[in-house]
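Worksheet: one structure, shown below.
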Amino acid sequence: MNGVTTGSLALAAAVWGALTGLLLPRAAYRFSVPPGEPWRARCPTGAHPVRGWLGGARCTACGSTRGRAEPEAGAETGEPRSGLDGSEARSGSADGGARAGPAGREGRSASGGGEARSGSAGREARSGSAGREARSGLGGREAHSEFAGRKAGSGFVGRQGASGGGGYGVWSTVCLAGVTALVCAGLAAATGTRPELGVWLLLAPVGVLLATVDLRVRRLPDPLTLPLAAAALALLGVTALLPEHTGHWPTALYAALALAAAHFALHLLNPDGMGFGDVKLAAGSGAVLGWYGWPTVLLGTFAAFLLGALYGGALVLARRAGRKTGVPFGPFLLAGTLAGLLTGAFAA
């Protein structure tokens, strides 16, 4: 295959990766919850349901609500405001103000049934308008706001988009699309026009999604890991029937079983260091690496553990973790799989 054909194929794969990467943020948001908790079903404010699993991480209803609420509308409706350091809360209305007395005396200002209270040394200021309230204290101050009885929750990256338009994963969307595009382009350049490229392009977005979720909450969701292994073996089985393929499907099956068994043994020895989600992910990793033979399996596995060890060592040196601190292994397992797959595809 000449250079022009390789470049065109890699470009087409990059476009595919970017388009599929744009569909991942919503799934990443919904899956990124601590182990044992149900998948997210509502937007960060908790006021609106998140429908579907594919698409951007954006709540259009929150966008219209926030657009009405800040900042001018807050002045008209008595929306509470707090200072940057959480030390001040103000509630305004057309005919009311808040007044505070010394040493625990309090003044009250009503606006639609709301009240404002302020004290000192741990006493809190409260302001409300139609069920809204803001609280702030001194020393470990806390700011809490509620709009029409709705509480703001944590967003896709810990906060809502700075534009206030209901988007809670703008930068995540860009990153996911860019990473997926790079991965797909690299796989296309390494594999060429061989039929297994279609399998790699279908599995790559799932791998990026899994790495993203594991990095955020140290969780590898069963709805992703188990189907990934099954889909890899099924698709490679079909690919083995096509001409010009360069892999070996039985080795892919054996490698999937072998890596799953090896990681399960490590899980039994050190459950904190090797989660059961990593065991299930290892089955899919083994299937992909095994397609190009046992040397590729060994290379990809070695790369995964090497990357994980380097990351953990860097955290220890930076004093951000101890020797027994657990780190998410899924991203390194997937990175090692990618490294082994690229090498195996080039060598095939």
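The values are calculated or read from the model by the stated rules, or taken from the named source; none is laboratory data. Just so it is clear, the structure is predicted and the values come from calculations on it, not from any experiment. No Cβ is skipped: glycine too gets one built from the backbone with ideal geometry, and neighbour counts run over all protein chains shown. For accessibility, only protein heavy atoms count, side chains too; no ligands or nucleic acids. Shrake-Rupley method; radii C 1.70, N 1.55, O 1.52, S 1.80 Å.
Here are the numbers:
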| quantity | calculated |
| --- | --- |
| Test: residue in the stretch 284-297 that is crowded, with 19+ Cβ neighbours inside 10 Å, under 18 Å from residue 198 (Cα atoms) and aromatic (Phe, Trp, Tyr) | yes |
| Where a residue in the stretch 333-348 is surrounded by fewer than 24 Cβ atoms within 10 Å (Cβ to Cβ) and its partner, wherever it lies, is of a type in the set (Lys, Arg) and not in a helix (DSSP H, G or I), with Cβ under 9 Å and at least six apart | 348/194 |
| 2 or more residues of a type in the set (Asp, Glu), open to solvent by less than 40 Å² (accessible area, probe 1.4 Å) and touching a helix residue (DSSP H, G or I) at 6+ places or on another chain (Cβ under 9 Å): qualifying helices (runs of 4 or more DSSP H) within the stretch 165-240 | 196-217 |
| Residue list for the stretch 47-60, restricted to those being modelled with pLDDT of 85 or more and open to solvent by 90 Å² or more (accessible area, probe 1.4 Å) | 51, 53, 54 |
| Qualifying residue in the stretch 260-276 (condition: touching a Ser or Thr at 6+ places or on another chain (Cβ under 7 Å), free of Cβ contacts under 8 Å to residues at least 60 places away in the same chain and under 18 Å from residue 203 (Cβ atoms)) | no |
| Residue satisfying condition, being open to solvent by less than 30 Å² (accessible area, probe 1.4 Å), farther than 17 Å from residue 176 by Cα and in contact (Cβ under 8 Å) with a residue 12 or more places away in the chain, within set 44, 34 | 44 |
| Count of the stretch 3-49 residues which are part of a loop (DSSP other than H, G, I, E, B), aliphatic (A, V, I, L, M) and out of contact with any strand residue (DSSP E or B) (no Cβ under 7 Å at 6 or more places or on another chain) | 3 |
